[in-house]
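The values are calculated or read from the model by the stated rules, or taken from the named source; none is laboratory data. The model shown is predicted, which means the values in this text are computed figures rather than measured ones. Note: ideal-geometry Cβ built from the backbone for every residue, glycine included; neighbour counts use all protein chains shown. The protein model used for the area step is the full one, side chains on, heavy atoms only, and it has no ligands, DNA or RNA in it. Shrake-Rupley method; radii C 1.70, N 1.55, O 1.52, S 1.80 Å.
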Amino acid sequence: QAVHGLTKELIDDNGVTPSFGVRALKEILNAVKERKIAVVAHNANFDARMINSTSNALQMGNIISDENMFCTLKWSKQKYGTRKTNEALYLELHGVPHDLTNLHDAITDATITASSYATIMAGLRDT
């Protein structure tokens with residue numbers, strides 16, 4: 001709750017059951033894989049571990065591997081020699097800080113990561 005602002009009440013009122021969420025995510029990941037679309041994350045190892053921890057607790061097995069994801073954190077280490085935070089990587093790539101204020105909000109984090117990924121891919125295509 002301290003990091004993301006999610007309370008039990010908010011989840012109870014607006015969320016879905018963990019098993020429903022894992023099944024839905026598994027369907028999405030299968031569709032993404034079939035279409036050869038990249039799954040992108042900043043710290044893919046952490047995200048994959050948390051997703052698989054939940055799916056394994058529900059006896060649904062691993063549903064994702066960070067080896068099949070594009071990790072902007074890992075890319076920053078390879079490119080700059082240091083692991084940059086999501087915000088620092090955005091600043092490095094765009095030359096200006098992002099204007100989103102709600103850090104550790106899933107939509108904000110995803111937006112920053114997506115923007116950085118698009119810039120990375122554009123740069124790779126131009127080389």
On the accessible surface of the chain, probed at 1.4 Å, how many percent belong to carbon and sulfur atoms?
-> 54 percent
Calculate the all-directions average of the projected area of the chain's alpha-carbon convex hull, and give it in nm².
-> 9.2 nm²
Segment residue 68-residue 54, extension gain: residue separation times 0.36 nm, minus the distance between their alpha carbons | 3.2 nm
Under the Karplus curve 6.51 cos²θ - 1.76 cosθ + 1.60, θ = phi - 60°, whole-Hz ³J(HN,Hα) for region 86-97, x wherever Gly or Pro sits = 4, 5, 5, 5, 4, 4, 4, 6, 9, x, 9, x
Estimate the FRET efficiency between residue 29 and residue 96 by the formula 1/(1 + (r/R0)^6), using the beta-carbon distance for r and 30 Å for R0, to the nearest 0.05.
-> 0.35
Cross-link partners among lysines for residue 74, C-alpha distance below 19 Å, same-chain residues fewer than 8 apart left out?
-> 84
For residue 33, go through the aspartates and glutamates and keep the ones whose alpha-carbon is under 18 Å away, minus same-chain ones fewer than eight residues off.
-> 47, 66, 67
Please get the size of the charge dipole for region 28-114, origin at its Cα centre, with Cβ charges of +1 on Lys and Arg and -1 on Asp and Glu, quoted in debye to the nearest 20.
-> 340 debye
Amide H neighbours of residue 70 under 5 Å, counting only residues 5+ apart in sequence or on other chains, H built in-plane at 1.01 Å?
-> 39, 40, 41
Counting only protein heavy atoms and leaving out ligands, DNA and RNA, the solvent-accessible surface of residue 70 at a 1.4 Å probe, in Å² to the nearest 10, equals 50 Å²
